[in-house]
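A short worksheet on the structure shown next.
None of the figures in this text is laboratory data; all of them are computed from the coordinates on show. Every value quoted in this text rests on a predicted model; they were computed, and no experiment measured them. Positions of Cβ are generated from backbone atoms using ideal geometry, with glycine treated the same way; all protein chains shown enter the neighbour counts.
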Amino acid sequence: MKTYQFYANGVWHDPAGGEWVDSYDPTTGEVWAAIPRCREPDVDLAVHAAQAAFVEGPWSRMRASARGRLVHRLGDALVTHAEALGAVETRDNGKRSVDIVPGLQSWLADSFYYYAGLADKLEGTAIPVDVPDMLNYTRREPYGPVACITAWNSPLLIAVWKIAPALAAGNTVVLKPSEHASASTLELMAALQDADLPPGVVNAVTGLGDEAGQSLVEHPLIRLVSFTGGVGGGARVAAAAARQVKPSIMELGGKSPQLVLADADLTLAANGVAAGIFPPAGQSCIAGSRLLLHSSVHDEVLEKLLQIVDGAVLGAPADPGTHIGPIANRPQFERILADIESAKVEGASLLCGGRAVSPPGAPHGWFIEPTVFTQVTPCMRLARKEVFGPVLAVLRFDDDTEAVQLANDSEFGLAAGIWTRDAARAVSMAERINAGTVYINNYFNATTQSPVGGFRQSGYGRENGIEGMRAFTQTKSVWLSTDPRQGNPFAA
Ligand code: NAD
């Protein structure tokens, strides 16, 4: 069993209260690590370290190009430590190795490289204001110490998406991963030490949301909160930030629709739909958990989907032959099973799956079969609530207008998929769908260049892309008069 410390000011610490939280391996159901249960004094230590690094330390005063070079080194550190980091995340939250390690080595490391390159390109503008003899220009400036709060399903990915732009823009960071999966974030801190960042530039506190998380959000020296998690937690965090007039970025949940039109390549669509939810066992914010099928292809797509599901291998997430890994933690495992029972009670028809299973070699792990419900109606809870598990709700439509109406019949608006051979039709539908990301004949793609984020209750603000860096900056407008007497009634 491994006992972790938290990371502040470039040093590892035990929590002041002397308490730790158990972390479970979802493949075995056993405790494998202890995570510091940080509280207000620990958070205060980390935030003061971030404040000192920002105000006194070299970070904010450093030339932007030099800061960019350091952020680039964080990418190199990620590549060097990818295998070890991936192994810890797989152990801690059951994410498949094949979904982590190659990503850390390529497109997640690219996040650091991309924002490293942008560090010295945050240009302001010179504005021709309506005042004579006046130079007006804008600057993009960092906020200062920012809080980055992350969810348990992809701790490393979410952390990198936040800290790369935040640091490159000149902020300092205090990270707070989920109490259900903190180990990989603490290992990330150790890995990033390779880059020799000044102490206090990145810090990580762990523990419970309503203890460490709340103390962090409410700390007066924290100037912005970037949050990834559920709508309930997000609303609480946004409200707490608003009470202190702090801006927040909210990356929340979804109930994303996948639309299969009558003219789609049905094999491609069925594969895309299955891949859009089942490999992470539905534990992805953009999981395509509502399948909207044109009536004329309804049965054929489901037949193909059943074949794919029949051949899917559930098993240890470290095994490269595994298609579907475990549910990351016991409370989530129980919530998904309860949602499956509630879908049965409200009259949805169970086409396949629906049970907890024990794959060979993992008799005590938290595994749930890929599950498909048909005859789902829009008002059913199953069509509206985010299950965050391997549970697909199938609805049918008869024309494009109804398809768009069904797609938009949700409080969420994170992502949507459209499968059709008619590009013009797809583009027109993409315009009418309320979602932060629309995929046409593909699903699940994300790269550092393109912004991601939600409409409606899926959140606000964007991560990735140039927008993702702007979100970590504020605009200053500077007025320089070349004739200070102009317009001053007291000037001689
Ligand atoms: P959660 O909201 O329970 O917790 C998220 C984080 O917030 C955790 O670190 C938790 O400790 C912290 N937290 C909870 N209450 C807090 C409070 N009062 N103050 C400060 N911090 C607090 O979410 P979860 O169960 O960890 O993650 C699953 C959810 O995350 C799903 O809804 C999923 O869709 C969403 N998610 C969204 C994205 C995205 O980019 N949009 C990505 C991944 C996950």
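Treating the angle as unsigned and between 0 and 90°, give the value, to the nearest 10°, between the Cα long axis of helix 330-345 and the longest Cα principal axis of the chain.
Roughly 50 degrees between the two axes.
How tilted is helix 40-55 with respect to the longest principal axis of the chain? Cα atoms for both, answer in degrees (0 to 90, nearest 10).
50 degrees
Peptides 183-190, 285-292: what's the order by average Cβ count within 10 Å, highest mean first?
Result, highest mean first: 285-292, 183-190.
Within 10 Å of each candidate Cβ there may be at most 14 other Cβ atoms; applying that plus a DSSP loop requirement, which trypsin sites (Lys or Arg not before Pro) in the range 416-460 survive? If you can, show how the numbers build up before the last one.
Values: sites: Arg421, Arg425, Arg432, Arg456; in loops: Arg421.
Of the trypsin sites (Lys or Arg not before Pro), the ones in loops of the range 416-460 whose Cβ has at most 14 other Cβ atoms within 10 Å are Arg421.
At what distance in nm do the modelled label points of Lys476 and Arg243 sit from each other, each positioned 7 Å from its Cα along Cα→Cβ?
3.1 nm
Quick one: net charge around Arg140, please, counting Lys, Arg +1 and Asp, Glu -1 for every other residue with C-beta under 9 Å from its C-beta.
Net charge around Arg140: +1.
Would you mind working out the magnitude of the charge dipole of the chain relative to its Cα centre, with +1 at each Lys and Arg C-beta and -1 at each Asp and Glu C-beta, to the nearest 20 Debye?
For this selection, approximately 940 debye.
What FRET efficiency would be calculated for the residue pair Leu221, Ser60, taking the C-beta separation as r and a Förster radius of 22 Å, to the nearest 0.05?
It comes to 0.95.
Per residue of the chain, what 222 nm ellipticity follows from adding -39500 (n - 2.57) for every DSSP H run with n ≥ 4, rounded to the nearest 500?
-10500 deg cm²/dmol
Apply the Kirkwood formula to the range 149-227: the hydrodynamic radius equals the inverse of the mean of 1/r over all pairs of different alpha-carbon atoms; give it in Å with one decimal.
Roughly 12.7 Å, rounded to one decimal.
Pairs of Cα atoms under 8 Å, at least six residues apart: use those to get the relative contact order of the chain, whole percent.
18 percent
Looking only at the chain, where both bridge partners belong to it, what percent of the DSSP beta bridges are antiparallel (to the nearest 5)?
45 percent
Distance in nm between label sites at Glu431 and Glu411, each 7 Å beyond Cα in the beta-carbon direction?
So the label points at Glu431 and Glu411 sit 3.1 nm apart.
Mind jotting down the distance between the C-alpha centroids of the range 44-113 and the range 6-41, whole Å?
20 Å
Which whole-number percent gives the relative contact order of the range 257-435, counting Cα pairs below 8 Å spaced six or more residues apart?
Relative contact order here is 29 percent.
What size of dipole, in debye to the nearest 20, comes out for the range 257-435 about its Cα centre when the only charges are +1 on Lys and Arg C-beta atoms and -1 on Asp and Glu C-beta atoms?
Values: 13 positive and 21 negative charges, 103 e Å.
Charge dipole, the range 257-435, about its Cα centre: 500 debye, nearest 20.
Given Lys176/Lys344; Lys95/Lys304; Lys2/Lys344; Lys162/Lys476, which pairs have Cα atoms separated by over 31 Å?
The pairs that break the limit, which is 31 Å between Cα atoms, are Lys176/Lys344; Lys2/Lys344.
Taking the mean number of other Cβ atoms within 10 Å as a proxy for protection, how do you rank 399-406, 51-58 from highest to lowest?
Top of the packing list down: 51-58, 399-406.
For the Cα atoms of the chain, what angle does the longest principal axis make with the long axis of helix 109-118, in degrees from 0 to 90, nearest 10?
That works out to roughly 30 degrees.
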